[in-house]
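Q: Pasting a structure below so you can have a look.
The values are calculated or read from the model by the stated rules, or taken from the named source; none is laboratory data. The structure presented is a predicted model; accordingly, all values stated were derived computationally and were not measured. Positions of Cβ are generated from backbone atoms using ideal geometry, with glycine treated the same way; all protein chains shown enter the neighbour counts.
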Amino acid sequence: MKKLALHWQILLGMLFGVLFGLLCSQFDWGKQFVIDWIKPFGTIFINSLKLIAVPLILASLVKGVSDLKNIAQLSSMGGRTIGMYLFTTLTAVTIGLTIVNVIKPGNTLSDETRSELLSAYAADAAAKQSVAAAQKEAGPLQALVDLVPSNIFNAMQDNGNMLQVIFFAIFFGIGLVLIPKQKAKAVKDFFDALNEVILKLIDLIMIAAPYGVFALLAALIAEAPSADLFKALGLYTATVLIGLICMILFYIFLVRIFTRKKIGFFLKGISPAQLLAFSTSSSAATLPVTMERVHEHLGVEEDVSSFVLPIGATINMDGTSLYQAVAAVFIAQAFGMDLSLSAQLGIIATATLASIGSAAVPGAGMVMLVIVLAQAGIPEAGLALIFAVDRPLDMCRTTVNVTGDASVSMLVAKWLGKLGTPKVKNWDDNYPEK
Ligand code: ASP
């Protein structure tokens with residue numbers, strides 16, 4: 001019998017997860033049952049993905065950089081990557097600002113709902129504010145200082161330090177390019193083999209993906225807040241979603257125009273990573289799968305994918321920046337504030353920087369939103385207004401973040417002549433028995 005393609009398997013897992021979560025919520029014991037007996041499998045699945053993220057970045061980036069012919073190639077790839085990431089992020093914020101100014105979702109929030117939300121989520125909002133306060137205290141060059149680890153083993157201990165691991169891997173790769181070939185060979189072969197092993201581990205983990213997403217979504221539904229709050233924030237949610245859909249269309253347009261690849265080819269190739277991003281709300285946890293799909297299914301050569309994607313997962317968050325722009329203006333509208341043009345231009349700058357600074361983990365975009373609010377003079381307590389729907393929106397914005405990284409990697413590969421025919425055809429996705 002023909003095996004169901006991976007993205008269908010994952011979609012079915014998600015669907016059954018939602019249904020199971022809904023079913024269990026009907027019983028008094030249901031929620032606790034899901035938390036005790038189902039949720040841990042979702043956590044194990046996410047942990048297993050995170051487990052291989054750091055070794056994967058190290059192995060694939062060292063291999064990728066050391067495969068380059070010279071350092072000039074690296075700087076040209078780096079320049080294009082950062083340029084495209086900035087361009088897509090600025091586009092996202094601009095789309096978000098335009099849509100929120102047209103729809104004006106904050107104006108429709110009644111005073112009653114506003115005070116209800118403010119009191120219900122005041123404590124949660126305060127917790128995010130205090131995390132953000134720690135980040136705000138840092139000096140202007142702290143981000144640059146944080147890029148360079150003083151000890152690589154310490155850096156590798158914490159998944160939050162991915163940029164440091166990326167820095168080390170690129171630096172190490174440059175060293176490998178610069179020493180005589182016969183000396184570099186042993187080290188290169190080692191990282192090459194390590195890379196292969198880790199790619200195989202991703203294949204193995206993906207066998208469990210449909211069950212992993214089942215557990216994640218069942219737990220999410222069982223723990224979700226009441227549906228009434230979702231309704232009150234319906235227009236805000238719709239505004240963010242419309243913006244995110246515009247971004248997906250924008251990527252499809254970019255990929256079609258610049259790489260001439262079919263839309264179906266792109267979407268089929270990347271969809272398992274998108275579905276995982278949606279289920280885990282974490283670009284970092286999804287990174288191993290994004291890298292595998294982009295290389296093996298979209299045809300991006302490994303030296304490009306291993307460079308562009310880990311950097312993208314940490315600094316390119318278009319969905320997050322769009323959400324931050326919409327959320328900031330929504331909160332201002334809800335408080336009856338009229339934001340001037342210069343305040344809105346300020347939001348473009350701060351949302352771009354805040355999304356770059358957001359960690360690739362669930363809820364990180366909301367922490368950095370505090371900084372956007374503070375810069376624009378919008379009350380930070382307003383975070384409480386959007387708390388109830390943050391998780392579902394996080395799932396959607398993470399999907400956009402991952403799609404953005406994949407699209408940019410295809411464009412950069414195309415410009416460098418490194419977009420080939422994929423190893424695995426998408427049309428008869430026989431994953432994982434390649
Ligand atoms: N969860 C997002 C990500 O991992 C970040 C955020 O917007 O909270 O890409």
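Q: Kindly provide the set of residues from region 220-248 that are closer than 22 Å to MET366 by Cα and either among the polar types (S, T, N, Q) or in contact with a Gly (Cβ under 6 Å, 6 or more places away or on another chain) (or both), ordered by number.
A: Here is the first cut: in region 220-248, the residues closer than 22 Å to MET366 by Cα are 220-221, 223-248.
Within region 220-248, ILE221, SER226, THR237, THR239, GLY243, LEU244 qualify.
Q: Next question, about the same structure. Taking the stated definitions as given, is VAL361 within 19 Å of the chain's Cα centre (by Cα), within 11 Å of the ligand (Cβ to nearest atom), part of a loop (DSSP other than H, G, I, E, B) and on the phi < 0 side of the Ramachandran plot?
A: When the stated conditions are applied, VAL361 passes them.
Q: Just the residues that are more than 12 Å from the ligand (Cβ to nearest atom) and on the phi > 0 side of the Ramachandran plot, please, taken from region 255-287.
A: ARG260, the sole residue that qualifies.
Q: Another question, if that's okay. Considering GLY64, GLY78, which residue is surrounded by 14 or more Cβ atoms within 10 Å (Cβ to Cβ), touching an Asp or Glu at 6+ places or on another chain (Cβ under 7 Å), closer than 24 Å to ALA413 by Cβ and small (Gly, Ala, Ser)?
A: None of the other options fit; the residue is GLY64.
Q: Looking for whichever is more than 16 Å from the ligand (Cβ to nearest atom), under 19 Å from the mean Cα position of the chain (by Cα), surrounded by fewer than 24 Cβ atoms within 10 Å (Cβ to Cβ) and of a type in the set (Val, Ile, Thr) here; the options are ILE252, ILE248. Which one fits?
A: ILE252 is the lone residue from the list that is more than 16 Å from the ligand (Cβ to nearest atom), under 19 Å from the mean Cα position of the chain (by Cα), surrounded by fewer than 24 Cβ atoms within 10 Å (Cβ to Cβ) and of a type in the set (Val, Ile, Thr).
Q: Name every residue in region 261-284 that is in a loop (DSSP other than H, G, I, E, B) and small (Gly, Ala, Ser), in order of residue number.
A: SER281, SER282
Per-residue answers, yes or no, for (1) assigned to a helix (DSSP H, G or I); (2) under 30 Å from ILE347 (Cα atoms); (3) at pLDDT 95 or above:
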position: PRO40; (1), (2), (3): yes, no, yes
position: ILE46; (1), (2), (3): yes, no, no
position: VAL54; (1), (2), (3): yes, no, no
position: LEU58; (1), (2), (3): yes, no, no
position: LYS63; (1), (2), (3): yes, no, no
position: ALA72; (1), (2), (3): yes, no, no
position: ALA92; (1), (2), (3): yes, yes, yes
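Q: Give me the pairs, please: first residue somewhere in region 23-48 and over 30 Å from LEU201 (Cβ atoms), second residue anywhere and of a type in the set (A, V, I, L, M) and surrounded by 17 or more Cβ atoms within 10 Å (Cβ to Cβ), beta-carbon distance under 8 Å, and either six or more positions apart or on two chains.
A: Note: pairs meeting the criteria are CYS24/VAL34; CYS24/ALA218; CYS24/ALA222; SER25/ILE221; SER25/ALA222; GLY30/ALA222; LYS31/ALA222.
Q: Given the criterion more than 22 Å from MET84 (Cβ to Cβ), assigned to a helix (DSSP H, G or I) and within 16 Å of the ligand (Cβ to nearest atom), identify the matching residue among ILE356, ILE371.
A: ILE371
Q: Right, something else. Between a first residue in region 354-374 that is under 16 Å from ASN159 (Cβ atoms) and a second residue that is more than 8 Å from the ligand (Cβ to nearest atom) and of a type in the set (Ser, Thr, Tyr), which pairs have beta carbons less than 7 Å apart while being 6 or more apart in sequence or on different chains?
A: Partner pairs satisfying both residue conditions: ALA360/THR314.
Q: Every residue in region 318-330 that is within 16 Å of the ligand (Cβ to nearest atom) and among the hydrophobic types (A, V, I, L, M, F, W, C), please.
A: Going through region 318-330, the residues within 16 Å of the ligand (Cβ to nearest atom) turn out to be 318-328, 330.
Residues satisfying the conditions are LEU322, ALA325, VAL326, ALA327, ALA328, PHE330.
Q: Among the residues of region 35-56, which ones are within 18 Å of the chain's Cα centre (by Cα) and among the aromatic types (Phe, Trp, Tyr)?
A: Residue satisfying the conditions is PHE45 alone.
Q: Oh, and also: Just checking, which of ILE378, ILE347 is part of a loop (DSSP other than H, G, I, E, B), more than 19 Å from the chain's Cα centre (by Cα), buried (at least 23 other Cβ atoms within 10 Å of the Cβ) and more than 10 Å from the ligand (Cβ to nearest atom)? Reasoning before the result, please.
A: Working: ILE347 fails: part of a loop (DSSP other than H, G, I, E, B).
Being part of a loop (DSSP other than H, G, I, E, B), more than 19 Å from the chain's Cα centre (by Cα), buried (at least 23 other Cβ atoms within 10 Å of the Cβ) and more than 10 Å from the ligand (Cβ to nearest atom) holds for just one of ILE378, ILE347, which is ILE378.
Q: A further question follows. Does region 91-110 contain at least one residue that is of a type in the set (S, T, N, Q), more than 27 Å from GLN182 (Cα to Cα), surrounded by 20 or more Cβ atoms within 10 Å (Cβ to Cβ) and in contact (Cβ under 8 Å) with a residue 60 or more places away in the chain?
A: No: zero hits.
Q: Here's something else I'd like to know. If the requirement is being farther than 30 Å from SER25 by Cα and in contact (Cβ under 8 Å) with a residue 24 or more places away in the chain, which of these qualifies: PHE266, PHE230?
A: It is PHE266.
Q: Then there's this: Out of all the residues in region 291-301, is one or more part of a helix (DSSP H, G or I), surrounded by 24 or more Cβ atoms within 10 Å (Cβ to Cβ), within 16 Å of the ligand (Cβ to nearest atom) and not β-branched (Val, Ile, Thr)?
A: Yes, that holds for at least one residue.
Q: Can you find a residue that is more than 30 Å from PRO180 (Cβ to Cβ) and free of Cβ contacts under 8 Å to residues at least 24 places away in the same chain anywhere in region 58-72?
A: The answer is no; no qualifying residue exists.
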